[in-house]
Amino acid sequence: TGLIIRHLGERFQRSNDTISRYVRKMIIIFSSNPFYSKYVHLPKPGDSAPSQLHDNPKYWPYFKDALGAIDGSHIHCAPPSSKRSLFRNRK
């Protein structure tokens, strides 16, 4: 959001435009090969939750019904410009 950009701009004493440009570049780097294919590993169907979550009563009630990689993950989507408004703010 714009608030995050403003906070970063204030922290690093750079314009919001500069911060926005570099954040966009970093998102592209992190969501493209070779970084994405090397460091992002999605769970396979049938994989169970890690024992750190499953065996901990503090966390398990919140994670027991999680759908896996979909929960809290960003899925790259590049629709054509005519349909982009349909895809904004979707989970």
ask   = Probe 1.4 Å, all protein chains in place: accessible area of K64 in Å², nearest 10?
value = 110 Å²
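With a ≥ b ≥ c the root eigenvalues of the C-alpha gyration tensor of the range 11-55, is it rounded (a/c under 1.5), prolate (a/b larger than b/c) or oblate? Walk me through the numbers on the way to the answer.
Working: a/c = 4.95, a/b = 2.16, b/c = 2.30.
Verdict is oblate for the range 11-55.
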remark   = Only helices counted: for the chain, with every DSSP H run of 4 or more residues adding -39500 (n - 2.57) and the sum spread over all residues, [θ] at 222 nm is -12000 deg cm²/dmol
query = Which angle between 0 and 90 degrees, to the nearest 10, do you get for helix 2-12 versus the longest principal axis of the chain when only C-alpha atoms count?
reply = 70 degrees
query = What length, rounded to one decimal in nm, is gained on full extension from T18 through to N33, with 0.36 nm per residue of separation minus their alpha-carbon distance?
reply = 3.0 nm
query = Taking θ as phi - 60°, what are the ³J(HN,Hα) couplings along the range 18-26 by the Karplus curve (6.51, -1.76, 1.60), each to the nearest whole Hz, with x for Gly and Pro?
reply = 5, 4, 4, 4, 6, 5, 4, 4, 5
query = For the residue pair L8 and S48, what label-to-label distance in nm results when each label sits 7 Å from Cα along the Cα-to-beta-carbon direction?
reply = 4.0 nm
message = Of the listed values (1) 2, 10, 13, 14, 16, 17, 14, 10, 4, 0; (2) 3, 12, 13, 14, 12, 9, 7, 7, 6, 6, 5, 3, 2, 0; (3) 2, 9, 14, 14, 14, 12, 10, 10, 8, 5, 2, 0, identify the label whose number matches P(r) over Cα pairs in 5 Å bins from 0, in percent calculated from this model.
response = (1)
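The values are calculated or read from the model by the stated rules, or taken from the named source; none is laboratory data. Bear in mind the structure is a predicted one, so any value in this text is a computation, not a measurement. Here Cβ is always computed from backbone atoms with ideal geometry, including for glycine, and neighbour counts include all displayed protein chains. For the accessible areas, the whole protein counts, side chains as well, though only heavy atoms, and no ligand, DNA or RNA atoms are used. Shrake-Rupley method; radii C 1.70, N 1.55, O 1.52, S 1.80 Å.
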